[in-house]
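Have a look at the structure below before the remarks.
The values are calculated or read from the model by the stated rules, or taken from the named source; none is laboratory data. Since this is a predicted model, take the numbers as computed values, not measurements. Note that we place each Cβ from the backbone using ideal geometry, even for glycine, and neighbour counts take in every protein chain shown. SASA here: full protein model, heavy atoms, side chains in, ligands and nucleic acids out. Shrake-Rupley method; radii C 1.70, N 1.55, O 1.52, S 1.80 Å.
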Amino acid sequence: MLLAIDIGNTNVTLGLYDGNTLGPRWRLATDHGRMQDEYGSLLIGLLRQAKVSPADVQAVAIASVVPPLTGVFVEVGRRFLRCEPLVVDGACE
């Protein structure tokens with residue numbers, strides 16, 4: 001499964017894909033003061049509510065317009081899902 005994370009100024013939107021099929025999705029308030037442990041605990045709780053094991057998440061993709069939270073969610077992916085997230089940004093090279 002792929003966990004897609006969209007970090008916006010107001011909401012963090014999460015969606016779980018099984019192949020091309022979008023499954024459970026959630027919205028969390030964007031909170032610059034929330035630590036990675038807090039976001040990680042919330043994420044694990046949401047996955048469990050949806051009857052999805054964190055081990056079932058094999059990939060994480062992050063899009064963000066809130067640079068201070070991008071690194072927080074990269075660490076959430078690493079620590080809580082054991083995935084190296086792909087970060088998608090608007091930078092051109």
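Could you check E84 against (1) within 18 Å of T13 (Cα to Cα); (2) in a loop (DSSP other than H, G, I, E, B); (3) not hydroxyl-bearing (S, T, Y) and say which number it fails?
Answer for E84: the failing condition is (1).
Quick one: count up the residues across the range 3-24 that are farther than 15 Å from I62 by Cβ, in a strand (DSSP E or B) and of a type outside the set (S, T, N, Q).
4
Somewhere in the range 26-36, is a residue touching a Pro at 6+ places or on another chain (Cβ under 7 Å) and not aliphatic (A, V, I, L, M)? Give the derivation first.
Let us first name the residues in the range 26-36 that are touching a Pro at 6+ places or on another chain (Cβ under 7 Å), namely 32.
Narrowing the set further to residues that are not aliphatic (A, V, I, L, M) leaves 32.
Yes, the range 26-36 contains a residue that is touching a Pro at 6+ places or on another chain (Cβ under 7 Å) and not aliphatic (A, V, I, L, M).
In the range 20-29, which residues are open to solvent by 60 Å² or more (accessible area, probe 1.4 Å) and not hydrophobic (A, V, I, L, M, F, W, C)?
Within the range 20-29, N20, T21, R25, R27 meet the criteria.
Out of all the residues in the range 41-48, is one or more assigned to a loop (DSSP other than H, G, I, E, B) and within 25 Å of D89 (Cβ to Cβ)?
no
Could you figure out which of (1) in contact (Cβ under 8 Å) with a residue 12 or more places away in the chain; (2) open to solvent by less than 80 Å² (accessible area, probe 1.4 Å) isn't true of G45?
So the condition that G45 fails would be (1).
What tally of residues in the range 51-72 results from selecting those that are more than 18 Å from P85 (Cα to Cα) and exposed (fewer than 12 other Cβ atoms within 10 Å of the Cβ)?
Of the residues in the range 51-72, 1 are more than 18 Å from P85 (Cα to Cα) and exposed (fewer than 12 other Cβ atoms within 10 Å of the Cβ).
Does the range 53-63 contain any residue that is in contact (Cβ under 8 Å) with a residue 12 or more places away in the chain, part of a helix (DSSP H, G or I) and in contact with a Leu (Cβ under 6 Å, 6 or more places away or on another chain)?
yes
Mind counting the residues in the range 30-42 that are open to solvent by 80 Å² or more (accessible area, probe 1.4 Å) and in contact (Cβ under 8 Å) with a residue 12 or more places away in the chain? Outline the logic, then answer.
We begin by selecting, within the range 30-42, every residue open to solvent by 80 Å² or more (accessible area, probe 1.4 Å); these are 32, 35, 38.
Still in the running and in contact (Cβ under 8 Å) with a residue 12 or more places away in the chain: 32, 35.
Number of matching residues: 2.
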